[in-house]
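Structure first, then comments.
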Amino acid sequence: MNKFTCAVVVGTVLSISAPALAESRAVNISIGSIGGSLDNAALRTARQVIGFAVGTGTVDKFIVYSPRNGSPIPIEGGLSACAEAGFGISDARFKAFIQQLRSITPRSGTFFNLELTASCRLN
């Protein structure tokens, strides 16, 4: 009985901490203006990096949150989206994709945020 109790406790602790140990296989991407004009070159580069990743299978799921048909579009433009690793793609390949995104440095007045997440979600 004592071993069974220990097994239940250990199993419970592991099941609670499992989401914390889950691998980040997706990235939320947001680029926009802080108030001035948007760095269109940075936006174009981000779209090219994402497009190449989709074309090569590094990314299977790509969801655009904004701009979206029927939703308000920011005056300055920008992008809010999520890209999820392709099926069977190695962690190293997906991390290289994220590193390419991180290498984009927009000029002052434009923000570019990347947030790792377990998976993309429809909003």
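The values are calculated or read from the model by the stated rules, or taken from the named source; none is laboratory data. These figures come from a predicted structure and were not determined experimentally. Here the Cβ positions follow ideal geometry from the backbone for every residue, glycine too, while neighbour counts run over all protein chains shown.
Each residue in segment 78-104 was checked for being surrounded by 13 or more Cβ atoms within 10 Å (Cβ to Cβ) and assigned to a loop (DSSP other than H, G, I, E, B), and 4 of them qualify.
Among the residues of segment 47-58, the one identified as in a helix (DSSP H, G or I), out of contact with any helix residue (DSSP H, G or I) (no Cβ under 7 Å at 6 or more places or on another chain), surrounded by 12 or more Cβ atoms within 10 Å (Cβ to Cβ) and of a type in the set (Gly, Ala, Ser) is 51.
One line per residue, one yes/no per condition, for (1) modelled with pLDDT of 95 or more; (2) in a helix (DSSP H, G or I):
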| residue | (1), (2) |
| --- | --- |
| 17 | no, yes |
| 23 | no, no |
| 28 | yes, no |
| 38 | no, no |
| 45 | yes, yes |
| 60 | no, no |
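When segment 25-41 is filtered for residues that are within 10 Å of residue 106 (Cβ to Cβ) and under 17 Å from the mean Cα position of the chain (by Cα), the ones remaining, listed by number, are 31, 32.
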